[in-house]
Amino acid sequence: MITLTTREMNTLLYLESCLVDQNGRLEAIRMNEEDWAVIEKMKDHITVIRGMSPMVDGRHFTHRVTRFDQTAWKMTHQERQVRAMRTIRRYWEEDLDVG
């Protein structure tokens with residue numbers, strides 16, 4: 001399994017959100033050099049291509065996430081579970097029976 005820093009995982013989660021919520025469309029303006037380095041680091045597991053899309057809701061999409069393999073899906077799924085449990089423990093544990 002690939003090890004990512006918190007910052008790198010944030011980028012991977014952003015890419016996953018683009019794939020799921022924006023039909024893969026990505027705004028390069030929201031990316032920095034570190035983000036592009038994560039794409040390079042994960043290139044065996046994800047694919048991001050350059051390709052202009054028309055403006056959508058005032059947003060200018062310049063790239064597309066076109067592939068997430070099982071490793072990338074597993075990593076993001078596990079991280080979302082960890083973050084959700086942290087939120088539950090921090091804010092809601094007294095109201096919910098989380099064991």
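Among the residues making up region 1-38, a single one is touching a helix residue (DSSP H, G or I) at 6+ places or on another chain (Cβ under 7 Å), aliphatic (A, V, I, L, M) and closer than 18 Å to Asp57 by Cβ: Leu26. Among the residues of this structure, Lys43 counts as one that is modelled with pLDDT of 95 or more, assigned to a loop (DSSP other than H, G, I, E, B) and not aliphatic (A, V, I, L, M). Examine region 32-39 for a residue that is closer than 13 Å to Arg67 by Cβ and either at pLDDT 95 or above or part of a helix (DSSP H, G or I) (or both), and state whether such a residue exists. For region 32-39, residues closer than 13 Å to Arg67 by Cβ and either at pLDDT 95 or above or part of a helix (DSSP H, G or I) (or both): present. Among the residues of region 48-79, those that are assigned to a strand (DSSP E or B) and surrounded by fewer than 17 Cβ atoms within 10 Å (Cβ to Cβ) comprise Ile49, Arg50, Val56, Arg59, Thr66, Arg67. Determine whether region 8-25 contains at least one residue that is farther than 18 Å from Arg80 by Cα, acidic (Asp, Glu) and at pLDDT 95 or above. Within region 8-25, none of the residues are farther than 18 Å from Arg80 by Cα, acidic (Asp, Glu) and at pLDDT 95 or above. (1) without any contact (Cβ under 8 Å) to a residue 60 or more places away in the chain; (2) under 12 Å from the mean Cα position of the chain (by Cα); (3) crowded, with 17+ Cβ neighbours inside 10 Å: which one isn't true of His45, the others all being true? Against the list (1) without any contact (Cβ under 8 Å) to a residue 60 or more places away in the chain; (2) under 12 Å from the mean Cα position of the chain (by Cα); (3) crowded, with 17+ Cβ neighbours inside 10 Å, His45 comes up short only on (2).
The values are calculated or read from the model by the stated rules, or taken from the named source; none is laboratory data. Small disclaimer: the values here were computed from a predicted structure and weren't measured. Cβ atoms come from the backbone with ideal geometry, glycine included; neighbour counts cover every protein chain shown.
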